[in-house]
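Okay, so here's the structure we're looking at.
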Amino acid sequence: MKNRLEQLSQWLKHENIDFALITSTENIFYLSKYYSNPHERIIALGVFQNDEPFLICPKMEMADAKSAGWDFELLGYSDIENPWEFIRNAIAKRTTTINTIAIEKEQLSIERGEMLQKLYPNIAFRSIEAILNQLRLIKDEAEISILKEAARLADFGVEIGTQAIKEGKSELEIVATIEFELKKKGVRDMSFATMVLTGSKTASPHGTPSVDEVQKGDLVLFDLGVIFEGYCSDITRTVAFDHINEEQKTIYETVLKAQKSAIRACKPGIEIGSIDKTARDIIAEAGYGDYFTHRIGHGLGIGIHEFPSMNATNTDTLQPGMVFTIEPGIYVPTTGGVRIEDDLLITESGVESLTKFPKELMIIK
Ligand code: MN
Ligand code: MN
């Protein structure tokens, strides 16, 4: 944590930026270890070139921030106090020359940006997102062991889901069973709304579970993940219920081949775009090129979608410590879809799959 703050201070010096004000749940967690979503209230982390950082949060959260490990200045405002006064005073204690500040341009609301402009009328804003994304891109050992546990819990969620399939059971009943069992294991939050889709609904990559019931001959798609100690997992498996027809089987085997080939191609130094191409070529050769409508994957960490973006035009190379998904899919309207997704870690010598649930075609009887 101290090391991350120091790296940010170095960057501020290098870029000649007076200070950074960070307000997103994810980046504050990354830099302070304090995970908080204060909704409409503000939490703000100030980082400076040479001075001590500060953290401002709602008064009722101060004890939580401290017990999370924050041991620099901590300021709490009550619901009848103005947090911006606390922010201004904390900054004024450290520096009075304020020309340029770094903010999260993608996340800070216009209202909050205008508040800052009111406090410092001649200020120039710089974006801090590129440097934070760069820092978060390579996971350290502690992050990797948390991500491994998050992936294990995702495997368990899929196992529960496949066991819960029965004729006439609804998608949402299966969602509830998965989440009930995960909660018993201590999972507080899923990393996104758990997806269980049946039949032709599997053709929608971002479909919505409902009271639709599983029928014999359906493909059933699970896409789920948990948040464990602040880090996300994300797994997709598609299974068949009772029996499978020839087209469903062809689609399944094509996606599986594409997914395994893409994973085999992952190692340090490989251009990211080529990983997408490996899978896409296999799917196109099988005649389903038009039905693979999204990128091969995305980075994974505190955010469910973070860097690297695993898309065809990304010319960056894979490096040890990167964690991301590989998740090709084929989605044929009215027929149905298949997606297979794993969470991968680049190691010094190659790649390791963090999610391990079996992915050979499974026909649930
Ligand atoms: Mn997913
Ligand atoms: Mn994903």
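Can Pro268 be described as modelled with pLDDT under 95 and of a type outside the set (S, T, N, Q)?
Answer is no for this residue.
Exactly one condition in (1) surrounded by fewer than 24 Cβ atoms within 10 Å (Cβ to Cβ); (2) more than 18 Å from the chain's Cα centre (by Cα); (3) within 16 Å of ligand 1 (Cβ to nearest atom); (4) not basic (Lys, Arg) is not met by Ile330; state its number.
Every listed condition holds for Ile330 apart from (1).
Looking at Leu182, Leu147, Leu132 in this structure, which one is assigned by TED's automatic domain parsing to the domain that holds Thr23, within 18 Å of Gly230 (Cα to Cα) and in contact (Cβ under 8 Å) with a residue 40 or more places away in the chain? Break it down stepwise before answering.
Working: Leu182 fails: assigned by TED's automatic domain parsing to the domain that holds Thr23; Leu147 fails: assigned by TED's automatic domain parsing to the domain that holds Thr23.
Criteria check complete, one pass: Leu132.
Within the stretch 246-253, is there a residue that is among the basic types (Lys, Arg) and within 13 Å of ligand 2 (Cβ to nearest atom)? Lay out the reasoning, then the answer.
Of the stretch 246-253, the ones among the basic types (Lys, Arg) are 249.
Now narrow it down to the ones that are within 13 Å of ligand 2 (Cβ to nearest atom): none.
No: the stretch 246-253 contains no residue that is among the basic types (Lys, Arg) and within 13 Å of ligand 2 (Cβ to nearest atom).
Within the stretch 107-124, how many residues are assigned to a loop (DSSP other than H, G, I, E, B), open to solvent by 50 Å² or more (accessible area, probe 1.4 Å) and touching a residue at least 12 places away in the same chain (Cβ under 8 Å)?
Of the residues in that region, 2 qualify.
Has the stretch 279-298 got at least one residue that is closer than 30 Å to Gly186 by Cα, open to solvent by less than 30 Å² (accessible area, probe 1.4 Å) and either assigned to a helix (DSSP H, G or I) or within 16 Å of ligand 1 (Cβ to nearest atom) (or both)?
Initially, the stretch 279-298 is screened for residues closer than 30 Å to Gly186 by Cα, giving 297-298.
Within this subset, residues satisfying the condition of being open to solvent by less than 30 Å² (accessible area, probe 1.4 Å) are 297-298.
Pick out the ones that are also either assigned to a helix (DSSP H, G or I) or within 16 Å of ligand 1 (Cβ to nearest atom) (or both) and you get 297-298.
So far as the stretch 279-298 goes, yes, one or more of its residues are closer than 30 Å to Gly186 by Cα, open to solvent by less than 30 Å² (accessible area, probe 1.4 Å) and either assigned to a helix (DSSP H, G or I) or within 16 Å of ligand 1 (Cβ to nearest atom) (or both).
Going by the conditions given, is Leu318 touching a strand residue (DSSP E or B) at 6+ places or on another chain (Cβ under 6 Å), under 19 Å from Ser353 (Cβ atoms) and more than 16 Å from ligand 2 (Cβ to nearest atom)? Please lay out each step first, then the result.
Working: touching a strand residue (DSSP E or B) at 6+ places or on another chain (Cβ under 6 Å): yes; under 19 Å from Ser353 (Cβ atoms): yes; more than 16 Å from ligand 2 (Cβ to nearest atom): yes.
It is true that Leu318 is touching a strand residue (DSSP E or B) at 6+ places or on another chain (Cβ under 6 Å), under 19 Å from Ser353 (Cβ atoms) and more than 16 Å from ligand 2 (Cβ to nearest atom).
Filter the stretch 209-235 down to residues that are open to solvent by 30 Å² or more (accessible area, probe 1.4 Å) and of a type in the set (Phe, Trp, Tyr), then give me how many there are.
Qualifying residue count for the region: 1.
Taking the options Thr355, Thr325, name whichever one is part of a loop (DSSP other than H, G, I, E, B), open to solvent by less than 30 Å² (accessible area, probe 1.4 Å) and under 19 Å from Lys260 (Cβ atoms). Don't jump to the end; show me each part of the working.
Numbers: Thr325 fails: part of a loop (DSSP other than H, G, I, E, B).
The unique qualifying residue is Thr355.
Yes/no per residue for (1) free of Cβ contacts under 8 Å to residues at least 24 places away in the same chain; (2) within 15 Å of Ile131 (Cβ to Cβ):
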| residue | (1), (2) |
| --- | --- |
| Leu5 | no, yes |
| His14 | yes, yes |
| Ala44 | no, no |
| Lys59 | yes, no |
| Gly76 | yes, no |
| Ile101 | no, yes |
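Across the stretch 231-253, which residue is nearest to ligand 1 (Cβ to nearest atom) among those that are in contact with a strand residue (DSSP E or B) (Cβ under 8 Å, 6 or more places away or on another chain) and part of a loop (DSSP other than H, G, I, E, B)?
Among those that are in contact with a strand residue (DSSP E or B) (Cβ under 8 Å, 6 or more places away or on another chain) and part of a loop (DSSP other than H, G, I, E, B), it is Asp234.
Out of Ile251, Ile263, Ile270, I need the residue that is touching a residue at least 12 places away in the same chain (Cβ under 8 Å) and open to solvent by less than 10 Å² (accessible area, probe 1.4 Å). Which one?
Answer to the check: Ile251.
For the stretch 196-227, what are the residues that are within 16 Å of ligand 2 (Cβ to nearest atom), modelled with pLDDT of 95 or more and of a type outside the set (Asp, Glu)? Before the answer, list the steps.
Keep residues of the stretch 196-227 that are within 16 Å of ligand 2 (Cβ to nearest atom), which gives 196-197, 202, 204-207, 221-227.
With modelled with pLDDT of 95 or more added as a condition, the list becomes 196-197, 202, 221-227.
Listed by number, the residues that qualify are Val196, Leu197, Thr202, Leu221, Phe222, Leu224, Gly225, Val226, Ile227.
When you go through Ala150, Ala193 one by one, which is the residue that is surrounded by fewer than 20 Cβ atoms within 10 Å (Cβ to Cβ) and within 16 Å of ligand 1 (Cβ to nearest atom)? Working first, answer last.
Details: Ala150 fails: surrounded by fewer than 20 Cβ atoms within 10 Å (Cβ to Cβ).
Answer to the check: Ala193.
Determine which member of the set Glu327, Glu360 is on the phi < 0 side of the Ramachandran plot and within 12 Å of ligand 2 (Cβ to nearest atom). Break it down stepwise before answering.
On the way: Glu360 fails: within 12 Å of ligand 2 (Cβ to nearest atom).
After ruling out the rest, the residue left standing is Glu327.
Please work out which residue is farthest from the chain's Cα centre (by Cα), limiting yourself to the stretch 274-313 and to residues that are polar (S, T, N, Q) and within 16 Å of ligand 2 (Cβ to nearest atom).
Taking the stretch 274-313 first, the residues polar (S, T, N, Q) are 274, 278, 293, 309, 311, 313.
Those left that are additionally within 16 Å of ligand 2 (Cβ to nearest atom): 293, 309, 311.
Working: Thr293: 20, Ser309: 11, Asn311: 16 Å.
Residue satisfying both the conditions and the ranking: Thr293.
The values are calculated or read from the model by the stated rules, or taken from the named source; none is laboratory data. For clarity, every value in this text was computed on a predicted model and none was experimentally measured. Please note: Cβ atoms are built from the backbone with ideal geometry, for glycine as well, and neighbour counts cover all protein chains shown. Each accessible area value is taken on the protein alone, full model and side chains, heavy atoms only, with ligands, DNA and RNA left out. Shrake-Rupley method; radii C 1.70, N 1.55, O 1.52, S 1.80 Å.
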